[in-house]
Structures are given as structure tokens and as C-alpha cells.
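The values are calculated or read from the model by the stated rules, or taken from the named source; none is laboratory data. Predicted model only: the values in this text are computed from it and were never measured. Cβ placement follows ideal geometry from the backbone for every residue including glycine, while neighbour counts extend to all protein chains displayed.
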Amino acid sequence: MGVNTPVSSPARAEPSQSDPRTASKPGDRRKASSENQYASSVASTVAGALAGAVSRFATGPLDVLKIRFQVQLEPVWHAAAQSGRPLVRSKYTSIRQALATIIKEEGIQGLWRGTVPGQLLSVPYTAAQFFTVQQSRQLAKRWGVDTHPAASFLTGALSGAAGTVASYPFDLLRTTLAAQGVPRVYNSMADAAKGIVANNGPAGLYRGMGITILEIIPYAALQFGLYDYFNKCWEAHRARYPSLPGSKDVQHLVCGLASGLLAKLATHPLDVAKKRVQVAGLARSTAYGERVALVATRSLRGCLADIYRREGFAGLYKGVAPSVLKAGPSAAITFAAYELFLRWLSVAQEARRSEAASGE
């Protein structure tokens with residue numbers, strides 16, 4: 001994987017085996033190795049959580065735009081005109097128009113609808129994701145398959161599934177609050193949670209998790225696998241031309257941007273279906289068009305078929321523009337921030353180890 005684990009400690013002079021006072025015991029070495037692995041896991045988890053929080057806040061408005069388009073059943077006006085379908089003008093017709101409409105009707109804060117559950121989603125999601133990545137890399141190395149081309153993609157798939165399970169109710173609440181518009185159906189995250197539980201029981205907070213896992217597995221596999229591949233290509237190119245400018249931070253930003261864009265383009269229809277399932281039955285204002293019916297979201301296959309039948313191929317890519325605009329920077333910020341926070345935490349851990357060693 002291109003996502004680096006914490007840097008190893010600087011090499012120290014080996015103690016003389018002939019001196020019984022300084023000879024290290026096997027038990028001590030195992031304990032030190034275990035402590036280092038634990039510290040690496042903690043650093044990876046914390047760095048992932050911080051990276052997720054930064055990325056989520058920075059791309060919040062694009063996320064709201066994406067969701068509004070994805071849950072809009074009416075065909076985009078120009079797409080309907082080209083296909084010969086009835087010209088039912090939709091609420092949102094372009095990124096610029098949607099942006100202006102949201103600000104006019106809901107204020108600038110409308111662009112950050114669902115920020116609180118979004119942050120509560122991103123922190124456990126990315127923490128669980130990068131923790132799983134770090135653990136999977138250690139396991140792959142132990143089995144001797146860490147250099148296999150498929151290892152990065154499999155690690156990404158596992159990390160995406162782990163992140164989803166760890167944070168799904170916040171994902172549902174984020175989508176619900178971001179999609180509802182005005183007048184609001186729910187005034188807060190707590191209000192939304194109570195309403196969903198009242199209408200559908202506690203299981204309602206997990207509606208759509210199965211489809212979400214089916215969507216996130218290929219997305220995370222591509223994102224992490226391509227990120228690792230692009231980093232390897234970058235390193236190989238730099239090895240051939242060592243005089244080229246550019247820092248590690250630039251490398252992580254560019255590789256994260258490219259991997260996020262391609263992964264999102266490949267899996268966007270699955271994300272549209274996921275959002276439809278999450279807002280099915282939400283009593284939004286009729287100004288936002290027809291509501292998503294529960295009967296149309298009983299299965300992933302049925303949901304995709306219903307979208308294609310009603311809205312054509314373009315319906316499967318609704319919101320793709322703000323989605324791609326968000327996915328690239330979001331992945332770039334996440335990976336770059338993760339690598340940065342990980343370096344800081346690793347340096348701090350090494351400083352504490354040095355202080356502890358000098359005090360002995």
C-alpha cells in the first residue's frame with residue numbers, strides 16, 4: 001500500500017552479547033515489537049480520524065450538491081429534451097443554479113447541511129478504514145503476499161467495509177439531513193434519529209447498509225489500489241529522474257486526487273442507488289419533485305433498473321459532476337492529511353521513546 005505506516009525507529013548500536021548486563025532477552029524483544037505494532041496501530045487510527053475530519057469539512061458543500069442531484073427523480077431538463085421524454089423541469093438543473101438556489105432558500109449554511117453527522121461519520125469511518133489498512137498490511141507482510149498486485153485492492157475493499165460497519169447510522173443521518181431541503185423534515189441529527197426510529201424501528205438506522213457495503217467495496221478497493229499503484233509509478237519515475245522537483249506532500253495529493261476521481265467515476269451509479277435507498281419515504285416538500293418510493297429500493301438490482309427505466313442512462317450518473325469535483329479533492333486531502341498527521345505522530349512517538357530510553 002502507498003499509505004505508509006509510521007516510520008521505524010533509527011538504528012541503534014546492538015548490545016554486546018558477551019555483556020550480560022546489556023544482552024537483550026527474547027521476551028524483551030517480543031515485548032518491544034508488540035509495543036511498536038500497537039503504537040503504529042494507534043497512530044494510523046488517529047491520523048485517519050483527523051484526516052477524515054479535515055476532508056469532510058472542506059468538501060461539505062460539494063457533498064450537499066451531489067446528494068441533492070442524486071435523490072432528484074425528475075430527469076435533468078436537457079437530458080430529457082434529448083431523449084424525447086416529457087420536459088418536467090427539475091428543481092436543480094446545474095451546479096451553478098443549484099448552488100444559487102440553495103443559498104437563496106436556505107442561506108450559506110445550507111451548503112453544510114448534515115455537517116455534524118457528516119463529521120461523526122467521517123471520523124470513525126476513516127479511523128476504522130486506516131486501522132484496517134494498517135492491520136491488513138501487517139498480515140499480508142507476515143504471509144509474504146504484501147508485494148502482490150492484488151494486495152492493495154483487497155486491503156482497500158476490507159477497509160471500506162470496516163469503515164461502513166463502524167459508522168453507518170451517521171451516513172444515513174447525514175444523507176437525510178442534506179437531502180431534505182426546506183421546509184425541514186428534521187431540525188437536527190437527534191430529531192432525525194428519533195423520527196427514523198419512530199417510523200421504522202431501530203433497524204431503520206441501518207436501512208441501506210447492505211447496498212452501501214456493495215457500493216463501498218469496489219470504490220475503496222479502486223481508491224486504495226490505484227493510490228498505491230500511482231505512488232509506485234511516481235517513485236519509479238523519481239528514481240529515474242532524481243532532480244525533478246516536488247515534495248512527498250505533492251505526491252500524495254496528486255496520487256490521492258487521481259485515485260479518488262477514477263474510483264468515483266467507476267462506481268457512481270452504485271452511489272446513486274445507495275442515496276435513493278437512504279432517503280426512500282422521506283417526506284420532502286413537493287417543490288423538490290417526486291419522492292423516492294420504498295418499493296423502488298428493495299434491492300440494488302431493482303433500484304438500478306428502476307432508475308434506468310424512469311430516467312434513462314443519465315439517471316445513473318445524476319450528480320456526477322459535483323461528485324467527481326468532491327471525490328478528487330476529498331481523496332487528495334484525506335491521503336495527504338493522513339500521511340502528514342502520521343509523520344507528526346511518528347516523530348512524537350519516537351521522541352517519547354528516546355526520552356524513555358535516556359532515562360533508563
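Residue under question is Val272, and the condition is that it be crowded, with 23+ Cβ neighbours inside 10 Å, closer than 15 Å to Phe69 by Cβ and of a type in the set (A, V, I, L, M); does it hold?
On the way: crowded, with 23+ Cβ neighbours inside 10 Å: yes; closer than 15 Å to Phe69 by Cβ: yes; of a type in the set (A, V, I, L, M): yes.
Spelling it out, Val272 is indeed crowded, with 23+ Cβ neighbours inside 10 Å, closer than 15 Å to Phe69 by Cβ and of a type in the set (A, V, I, L, M).
Check the range 235-246 and report whether any residue there is assigned to a helix (DSSP H, G or I), in contact with a helix residue (DSSP H, G or I) (Cβ under 6 Å, 6 or more places away or on another chain) and not β-branched (Val, Ile, Thr). Working first, answer last.
First pass over the range 235-246, keeping only residues assigned to a helix (DSSP H, G or I): 235-240.
With in contact with a helix residue (DSSP H, G or I) (Cβ under 6 Å, 6 or more places away or on another chain) added as a condition, the list becomes none.
Scanning the range 235-246, I find no residue that is assigned to a helix (DSSP H, G or I), in contact with a helix residue (DSSP H, G or I) (Cβ under 6 Å, 6 or more places away or on another chain) and not β-branched (Val, Ile, Thr), so the answer is no.
Please work out which residue is modelled with the highest pLDDT, limiting yourself to the range 307-360 and to residues that are of a type in the set (D, E, K, R) and under 19 Å from Lys66 (Cα atoms).
Taking the range 307-360 as the starting set, the residues that turn out to be of a type in the set (D, E, K, R) are 309-311, 318, 326, 339, 343, 350, 352-353, 355, 360.
Of the ones still in play, those that are also under 19 Å from Lys66 (Cα atoms) are 311, 318, 326.
Values: Glu311: 87, Lys318: 92, Lys326: 87.
Step by step, filter the range 307-360, then rank; the result is Lys318.
Among Ser136, Ser167, which is the only one that is at pLDDT 90 or above and under 24 Å from Thr59 (Cβ atoms)? Full working, then the answer.
On the way: Ser136 fails: under 24 Å from Thr59 (Cβ atoms).
Result: Ser167 is the single residue among Ser136, Ser167 that is at pLDDT 90 or above and under 24 Å from Thr59 (Cβ atoms).
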